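Everything on this sheet refers to the single structure shown next.
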Amino acid sequence: MIKAVRGTRDLLPPETALWNFVEAAARDVFRAYNFQEIRTPIFEETQLFARSVGEETDIVAKEMYTWYDGGENPAILFERAWRSEHERDYDQLKPGDRFTPRLGIDFVGYKNTEVTLIEVKFSAGERIREAANQLLRSRDNWLAVYPTSENPRLVLAIPASQLPQASRLVPPSIEVQPVEVPSDYEPRQSLTLRPENTAGVVRAYIEHKLWERGLQKLYYIGPQFRRERPQKGRYRQFYQIGAEVIGPPSAGSESPARDTEVLEMLATFLDRLGITDWTLELNSVGCPNDRAVFNEALQKALEPVVAKMCADCQRRAVNNPLRVFDCKVPADQPIIDKLPRISQFLDEGCRKHFTEVREILKAVGIPFALNDRLVRGLDYYTRTAFEFTHGALGAQNAILGGGRYDGLSESLGGPQAPGIGFAIGEDRLVMSLKESADAVARKPDVYIAPLGEGMNREAARLARELRRHDLVAELGDESFRLKKSLETASKMGARYALIIGENEVKANAFALKNLETGEQVSVPRSELVRKIQGNG
Ligand code: AMP
């Protein structure tokens, strides 16, 4: 039997009614704050996430669904070019030996269709992975890296414009040889299922010059994908409802009032769903200036203790020390607790911004708790960072998280466009509402029971009439006995059963049975709608 893939699941009725209820409430609440919907593609270029979410984050480092799409395998392209130049050598190599990716190195997309291949030969004994890593450090420039078996060799496809830089990067012991690309070459792209939606929204903001329309208030609802270890409340395909406020600074996008409007909207949304026991955890993660000073202090504080920490933290300590705060390894927690906090390093501007956020929250009566360990697992955050948690959810208790990302647009090649956003984990939100599933599902108003041959036609006509009046009608079948129809109707929770037999059709009046009270009356066709709607 073929089953749903691990970490994915089917959402079935009646629970889907709850999902619709949540999404309708979100649309409704967001509308009052003048947000509009945006839908971005489910997959994007891998580069988008690597550059926004950050290479050192768990999401990009381990959790993305990435593949190489379309075009021609650069290795085959290389093979073709190389074969024409080295016909004899080529013939001596065993089939299957060559052009097979052996290293777990990613393909990297590129921006330029003008491509040149270079062949890099290694002198004996050179450590291929190390060299490959060195070459990959400037990831933007490289399309692919292929080790080949006999003489270790890397094959790189890079934009021609990057060639001078490439030659500089390659160690002197390595021979660099440009190979022209055939004109029919179609590039292969590295694509990734979106692990979150902010990067896509900001990409769209830049691509469509949305800043020309002033401050953008956008929301989205849709699936996201992360290869995490599945457990209750954690899936590999999960759903987020999120929103972003982004725009030029002149449109007020930087103001603490944007932060508090978003936070207040979230509180309103949760209240609307009847979720009252939430906690808002708040922090400021500062801006790049603060981050530089903080990173230095953090690195210094980590130096004497990092050897005792997990392998991930040891790597983070070097590459991106702030990410140490994402660590979930229990043994590391007492060490992390003693590390300096970003809150001690905020500059004047960030401090003022954060104070104002707190003051406005107090003014509108939104309770919050400061949590100076909260750095959120994505690199793009600046200043305000927050999470709403909900006690009933246990270990996976964060229902939503978000924050400011003032430099994100620029880091993706866009104009200055400060912004703030959040993503609600819809799966977890629905989980905390589970008991209400029955209450929000709309049951059929009427079950139509045709009795005897030829009655399906009459039943279909009647059903059409009733449904036009926004009544939920379910149809039986003329082959069913009355007892079976009534049982089916009761089981699905219909309010009425409408019985259609030959006599009823002749009289143009139908037996309407109230399934709660058992009372049955004959109702003329013209009065059916009113009666079932409960106004008669
Ligand atoms: P993030 O994009 O990591 O800030 O996540 C925002 C929210 O999405 C979290 O607070 C969770 O509620 C939800 N979320 C994140 N990852 C998952 C997952 N694997 N399964 C279910 N919900 C998730």
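The values are calculated or read from the model by the stated rules, or taken from the named source; none is laboratory data. Bear in mind that the values here come from a model prediction, so they are computed numbers and not experimental data. All Cβ positions, even for glycine, are placed from backbone atoms using ideal geometry, and neighbour counts span all protein chains on display. Side chains are part of the model used for accessible areas, which takes the heavy atoms of the whole protein and leaves out ligands, DNA and RNA. Shrake-Rupley method; radii C 1.70, N 1.55, O 1.52, S 1.80 Å.
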Kindly list the number of the only condition in (1) over 20 Å from the mean Cα position of the chain (by Cα); (2) surrounded by fewer than 20 Cβ atoms within 10 Å (Cβ to Cβ); (3) modelled with pLDDT under 95 that fails for Gln396.
-> (1)
With respect to Arg376, is the statement that it is within 14 Å of the ligand (Cβ to nearest atom), closer than 18 Å to Val53 by Cβ and either open to solvent by 10 Å² or more (accessible area, probe 1.4 Å) or in contact (Cβ under 8 Å) with a residue 24 or more places away in the chain (or both) true?
-> yes
Positions within region 359-368 being over 13 Å from Ser284 (Cβ atoms) and either in a loop (DSSP other than H, G, I, E, B) or within 16 Å of the ligand (Cβ to nearest atom) (or both), in sequence order = Gly365, Ile366, Pro367
Give the residue, chosen from Arg234, Arg213, that is within 16 Å of the ligand (Cβ to nearest atom) and of a type in the set (D, E, K, R).
-> Arg234
Among the residues of region 459-473, is there at least one that is modelled with pLDDT of 95 or more and more than 46 Å from the chain's Cα centre (by Cα)?
-> no
Looking at (1) part of a helix (DSSP H, G or I); (2) within 16 Å of the ligand (Cβ to nearest atom); (3) of a type in the set (D, E, K, R), which is the one condition that is false for Arg351?
-> (2)
Residues satisfying the stated conditions in region 15-50, i.e. open to solvent by 50 Å² or more (accessible area, probe 1.4 Å) and within 29 Å of Ala257 (Cβ to Cβ) = Ala24, Arg27, Asp28, Arg31, Ala32, Asn34, Gln36, Glu37, Arg39
Before we move on, is Thr268 open to solvent by 20 Å² or more (accessible area, probe 1.4 Å), hydroxyl-bearing (Ser, Thr, Tyr) and part of a strand (DSSP E or B)?
-> no
Taking region 216-225 and the residues there that are under 22 Å from His390 (Cα atoms) and either touching a Phe, Trp or Tyr at 6+ places or on another chain (Cβ under 6 Å) or near the ligand (Cβ under 8 Å from one of its atoms) (or both), the one that is least open to solvent (accessible area, probe 1.4 Å) would be Gln224
Among the residues of region 301-346, how many are open to solvent by 80 Å² or more (accessible area, probe 1.4 Å), of a type in the set (Lys, Arg) and not in a helix (DSSP H, G or I)?
-> 2
Say whether the condition of being more than 16 Å from the ligand (Cβ to nearest atom), modelled with pLDDT under 95 and of a type outside the set (Val, Ile, Thr) is met by at least one residue in region 199-206.
-> no
Evaluation of Leu12 against (1) within 15 Å of the ligand (Cβ to nearest atom); (2) open to solvent by 80 Å² or more (accessible area, probe 1.4 Å) (one fails), failing number | (1)
Kindly list, by first and then second residue, each pair from a residue in region 196-212 that is open to solvent by 20 Å² or more (accessible area, probe 1.4 Å) to a residue that is at pLDDT 95 or above and within 16 Å of the ligand (Cβ to nearest atom), limited to pairs with Cβ atoms under 7 Å and residues at least 6 apart or on different chains.
-> Arg203/Glu44
Subset of region 414-438 that is crowded, with 19+ Cβ neighbours inside 10 Å and more than 17 Å from Glu23 (Cα to Cα) - its residue that is nearest to the ligand (Cβ to nearest atom) = Gly421
Which one of these is open to solvent by less than 40 Å² (accessible area, probe 1.4 Å), within 16 Å of the ligand (Cβ to nearest atom) and touching a helix residue (DSSP H, G or I) at 6+ places or on another chain (Cβ under 6 Å): Thr384, Thr389?
-> Thr384
Which members of region 400-413 meet the condition of being outside any helix (DSSP H, G or I), more than 10 Å from the ligand (Cβ to nearest atom) and open to solvent by less than 20 Å² (accessible area, probe 1.4 Å)?
-> Arg404, Tyr405
Would you be able to say whether some residue in region 243-261 is without any contact (Cβ under 8 Å) to a residue 24 or more places away in the chain and either farther than 30 Å from Ala25 by Cα or crowded, with 20+ Cβ neighbours inside 10 Å (or both)?
-> yes
Does Lys443 satisfy the criteria of being within 16 Å of the ligand (Cβ to nearest atom) and over 21 Å from Phe30 (Cα atoms)?
-> no
